[in-house]
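These notes are about the structure you will find just below.
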Amino acid sequence: MKAIILVEPGATTNLVMRDIAVPQINNDEVLVQVKSISINPVDAKTRQGGGVYNYGNVNKQADLILGWDIAGIVIATNSKRFDIGDEVFGMVNFPGVGNAYAEYVAAPAEHLALKPGNISFEEAAAATLAPLTALQVLREAGVKPGDRVLIYAASGGVGHYAVQLAKELGAYVIGTSSAANKQFVLSLGADEHIDYNAQNLADATHDIDFVMDCLGPDNIIKSLPVIKNGGKVMSIVAQFNENLIAQLKAKNVIGKHLLVQSNGKDMAYLAGLLGNGKLRSHISKSFGFGQMADAHQQIETGRTVGKIVVNV
Ligand SMILES: NC(=O)c1ccc[n+]([C@@H]2O[C@H](COP(=O)([O-])OP(=O)(O)OC[C@H]3O[C@@H](n4cnc5c(N)ncnc54)[C@H](OP(=O)(O)O)[C@@H]3O)[C@@H](O)[C@H]2O)c1
């Protein structure tokens, strides 16, 4: 089969297409013929030597097949969960080695769910790491109906699902992006939009119950004046060091980092929402399997709208 190997951490030229053996499946795994793969910032961060190398117990010296997000068809199974021919999607072995940039992937069945029939393989591949992150954050934060929720980078991969999932939980949602993506953020169901270039946060909003940070520690500090006493902030980027925790404590705000985890039950929950149209993937660009370097360059811009996918 064809697979894209990261021969050593570095530039996109280190992503090399090779012919390698189709992987064997272990107990409780299925072999998926991959149709689409989604690309996340962590793909590029890992390619550059960071990402899961920092937290996923991954050997920097060995060849690595990047990628975690797949949608495809089960062609062999060692699990009772799925039959041959089932269309599935999921985030495989995160944080670890997903081996997703390949024509066939051996995946733990418990990381997958059945793909709803009404969405494409592209839309399914997109709806894996990014909405799992949003879901796991919003659930951990205990977001409830009526909460005022501020979501940063609401037009991005994680953010565009977070807006929809927070609305599904009954929250009042305020999303940030540049002006160019205002209509997109509102079209996802956000109640309000803040243009981070043109508006001062403290003038634009107030009394936030929960902040979902997708940008980093400076952004969290900048958000403090608009968070309610007793509110919460969760970040998928910033680690909460002592200094940051002290600044939050002074305002009686709880802060926490979250790293997304593979989870088939959560995938099944997302599949339900995708199936009944309450959640949708926005794909701004698709690439061919031979264009992986271009896909990495796109995700590295930090300006991606919704998701990008690579079709195999
Ligand atoms: N901890 C975890 O488990 C986890 C999981 C997933 C992702 N992450 C991390 O979370 C971050 C976001 O991931 P992603 O997939 O959503 O990235 P992404 O798709 O690349 O995000 C791009 C979006 O960010 C917006 N943006 C850029 N700068 C902004 C700013 N200053 N304020 C508001 N919006 C801004 C852009 O909109 P404009 O062009 O309009 O500015 C663009 O639409 C990445 O660092 C990623 O590695 C962590």
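A few remarks follow.
- Label zone of residue 300 (point 7 Å out along Cα→Cβ, amide N under 18 Å): in segment 17-51 this covers 17, 39-51.
- Cα extents for segment 169-312 along the principal axes, largest to smallest and rounded to whole angstrom: 51, 37, 33.
- Label zone at residue 14 (point 7 Å along Cα-to-Cβ), backbone N below 15 Å, segment 33-51: 42-51
- Extension gain for residue 168 to residue 311 (0.36 nm times residue separation, less C-alpha to C-alpha distance): 48.5 nm.
- Each peptide in 127-133, 253-259, 232-238 gets a packing score, the mean of other Cβ atoms within 10 Å over its residues, and the list from highest to lowest is 127-133, 232-238, 253-259.
- Within the listed set 85, 157, 72, the Gaussian network model of the chain (springs between alpha-carbon atoms below 10 Å) gives the highest mean-square fluctuation for 85.
- Measuring r between the beta carbons of residue 76 and residue 268 and using R0 = 22 Å, the FRET efficiency lands at 0.55.
- Footprinting exposure proxy ranking of 308, 227, 37, fewest other C-beta atoms within 10 angstrom first, gives 308, 227, 37.
- Considering only 222, 265, 278, the mean-square fluctuation computed in a Gaussian network model of the chain, springs between alpha carbons under 10 angstrom, is largest for 222.
- Ranked by the mean number of other Cβ atoms within 10 Å per residue, highest first, peptides 146-154, 204-212 order as 146-154, 204-212.
- Taking a straight Cα-Cα cut-off under 16 Å and skipping sequence neighbours fewer than 8 places away in the same chain, the aspartates and glutamates within cross-link reach of residue 228 are 147, 203, 207, 209, 213.
- Extended-chain gain in nm, criterion 0.36 nm per residue less alpha-carbon gap, residue 258 and residue 191: 21.6 nm
Each value in this text was obtained by applying a stated rule to the coordinates, not by laboratory testing. This is a predicted model, so every value here is computed, not measured. Counting neighbours? That spans all protein chains shown, and the Cβs are built from the backbone with ideal geometry, glycine included.
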